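**Student:** This is the structure, below, for whatever I ask next.
The values are calculated or read from the model by the stated rules, or taken from the named source; none is laboratory data. What you are looking at is a predicted structure, and each value in this text was computed from that prediction instead of being measured. Here the Cβ is made from the backbone with ideal geometry for all residues, glycine too, and neighbour counts use every protein chain on show. Ligands, DNA and RNA are stripped out before the accessible areas are found, and what is left, the full protein with its side chains, is counted by its heavy atoms. Shrake-Rupley method; radii C 1.70, N 1.55, O 1.52, S 1.80 Å.
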Amino acid sequence: MSGLSQPEAFARIRLLRSPNIGPVSYAQLLARFGTAEAAIEALPEVGARAGRAGRAAPVQTIAREVEAARDHGARYLFHDQPGYPRLLSRIEGAPPILLYRGDLSLAERPCVAIVGARNASAASSKLARDFAAALAGAGMTVVSGLARGIDGAAHCGAMPATIGVIASGIDIAYPRQHAELQAGIAAQGLLLAEQPPGTEPRGSHFPSRNRIIAGLAAGTLVVEAAPRSGSLITARLAAEAGREVMAIPGSPLDARSQGCNQLIRDGAVLVQSPEEVIELLTGFDGTPRTALAEAPADFAFEAAELADARPAAVDSLLSSVPVSVDEVIRQSGETPAAVHLALLELEIAGRLQRHSAGRVSLAGG
């Protein structure tokens with residue numbers, strides 16, 4: 001927790017673990033109140049403006065979490081500390097706090113994500129392993145999600161130059177058959193988790209994990225994927241973040257290749273060798289060849305505008321259908337800062353749900 005006082009570091013963890021607080025609302029609260037300690041004090045009032053007082057996570061819960069992280073050899077990394085991955089910090093909703101084990105400097109090297117099917121073919125698994133070994137040999141760090149199939153093959157090929165991003169607590173191995181691989185990455189590479197220790201993986205955790213995988217890397221390579229798979233979510237998130245999206249083509253007769261072929265048809269870069277990936281990502285300047293989606297715009301607060309928000313007016317524009325924040329701003333007639341604050345209050349009150357690409361909807365829809 002270097003660079004932060006222990007009370008403020010503890011307060012940051014507590015703020016992020018509080019009900020209805022996510023990465024975006026966490027960042028907005030810090031921007032408005034300056035410190036997590038001050039934001040926690042203000043939570044009840046902020047949520048009450050949208051109909052339900054906010055509340056902070058219990059102190060005892062956070063104390064147990066910090067102790068568990070220490071017991072498992074994990075350390076906390078905060079968004080504004082040295083060592084926080086530069087490319088990851090640029091994505092929408094970047095994780096404000098990560099837990100890690102291993103060599104954090106691996107995230108400072110050029111990173112490429114390799115993802116693909118869990119039920120991968122033997123040929124594609126070998127391809128992923130060979131690509132990862134060649135990319136690691138060229139000085140790159142290979143990022144993946146420790147899933148079966150392509151992910152596991154990529155980690156093995158790149159070891160020790162690999163980052164594993166998991167959807168569970170840092171002390172939970174998932175899938176179980178990758179427990180040894182996960183332990184190896186923690187010891188020789190870098191293991192990252194966003195969830196608190198002791199958290200079992202749930203379905204909602206995997207898209208969050210995928211955004212971290214995409215955010216760490218200058219480009220994402222999909223080796224083999226079905227048309228509807230988590231790998232394509234990672235590719236889409238990479239495109240939204242302004243990163244390269246690459247895919248290896250496959251037979252149209254194999255369902256596991258249809259996702260890659262679809263990506264290429266939609267604008268991903270077709271690659272057939274590690275050298276093509278290296279050439280594409282060397283000196284990446286933030287201008288990808290891929291054009292699958294646009295990155296969402298950033299937000300900013302103006303202090304004089306913070307008192308102008310009217311949650312009820314913003315609430316009336318929302319439904320169960322996700323809509324972009326920019327559209328809400330256009331239709332509300334309010335300043336961007338006023339709308340962002342109103343959305344923050346609705347979220348703390350448990351009435352707002354945030355989605356990818358800067359979209360929001362009413363919660364529970």
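**Student:** Among DSSP bridges having both ends in the chain, what percentage is antiparallel? Round to the nearest 5.
**Tutor:** Beta bridges within the chain, antiparallel portion: roughly 40 percent.
**Student:** Let me ask something else about it. Quick one: helix 336-348 against the long Cα principal axis of the chain, what's the angle to the nearest 10°, folded into 0 to 90?
**Tutor:** 90 degrees
**Student:** Still on this model: Modelling each spin label as a point 7 Å along the Cα-to-Cβ direction, I'd like the GLU41/SER5 distance in nm, to one decimal.
**Tutor:** The answer from the label model is 1.1 nm.
**Student:** Still on this structure, please answer the following. Report, in degrees rounded to the nearest 10, the 0 to 90 angle that the Cα long axis of helix 23-33 makes with the longest principal axis of the chain.
**Tutor:** 40 degrees
**Student:** So, one more: Between VAL269, VAL325, VAL59, where does the largest GNM mean-square fluctuation fall for the chain, given springs only between Cα atoms within less than 10 Å?
**Tutor:** Maximum among the listed residues: VAL59.
**Student:** Write down the accessible area per residue of the chain in Å², having rolled a 1.4 Å probe over the full set of protein chains.
**Tutor:** 43 Å²
**Student:** Sort all Cα-Cα distances of region 242-297 into consecutive 10 angstrom bins from zero, then give the percent of pairs in each bin up to the one containing the longest distance.
**Tutor:** So the P(r) values, bin by bin, are 24, 47, 24, 5.
**Student:** Could you give the angle, 0 to 90 degrees to the nearest 10, between helix 179-188's Cα long axis and the longest principal axis of the Cα atoms of the chain?
**Tutor:** Result, in degrees: 80.
**Student:** Tabulate in residue order the Karplus-calculated ³J(HN,Hα) for region 63-74, using 6.51 cos²θ - 1.76 cosθ + 1.60 with θ = phi - 60°, rounded to whole Hz; enter x for Gly and Pro.
**Tutor:** Karplus-based 3J(HN,Hα) across region 63-74 equals 4, 5, 4, 4, 5, 5, 4, 5, 5, 9, x, 9 Hz.
**Student:** Could you identify which residue out of GLU108, GLU180, GLU65 has the top mean-square fluctuation in a GNM of the chain using Cα springs shorter than 10 Å?
**Tutor:** Per the Cα network of the chain with a 10 Å cutoff, GLU180 tops the list.
**Student:** When DSSP assigns beta bridges and you keep just the ones with both residues in region 43-200, what percent turn out antiparallel, to the nearest 5?
**Tutor:** The answer is about 45 percent antiparallel.
**Student:** If I compute solvent accessible area with a 1.4 Å probe over the protein chains, what percent of it on the chain is carbon and sulfur?
**Tutor:** Carbon and sulfur: 50 percent of the exposed surface of the chain.
**Student:** Please report the Cα spread of region 136-264 along all three principal axes, rounded to whole Å, starting with the longest.
**Tutor:** The Cα atoms of region 136-264 stretch 40, 34, 29 Å along their principal axes.
**Student:** Continuing with this model, one more query. Taking every pair of distinct Cα atoms and averaging 1/r, then inverting, what Kirkwood hydrodynamic radius in Å comes out for region 208-262?
**Tutor:** In region 208-262 this quantity evaluates to 11.0 Å.
**Student:** Once amide H atoms are built 1.01 Å from N in the peptide plane, which residues 5 or more positions from LEU352, or in another chain, come under 5 Å H to H?
**Tutor:** Hits under the 5 Å cutoff: GLU347, ALA363.
**Student:** Indicate the gyration tensor shape class of region 48-188 (rounded, prolate or oblate), computed on the Cα atoms with a ≥ b ≥ c the square roots of the eigenvalues: a/c under 1.5 is rounded; otherwise a/b larger than b/c is prolate and the rest oblate.
**Tutor:** Judged from the Cα gyration tensor, region 48-188 comes out prolate (a/c at least 1.5, a/b above b/c).
**Student:** Be a star and scan region 345-365 for residues whose amide nitrogen sits under 14 Å from the point 7 Å along the Cα-to-Cβ vector of ARG55.
**Tutor:** 349-350
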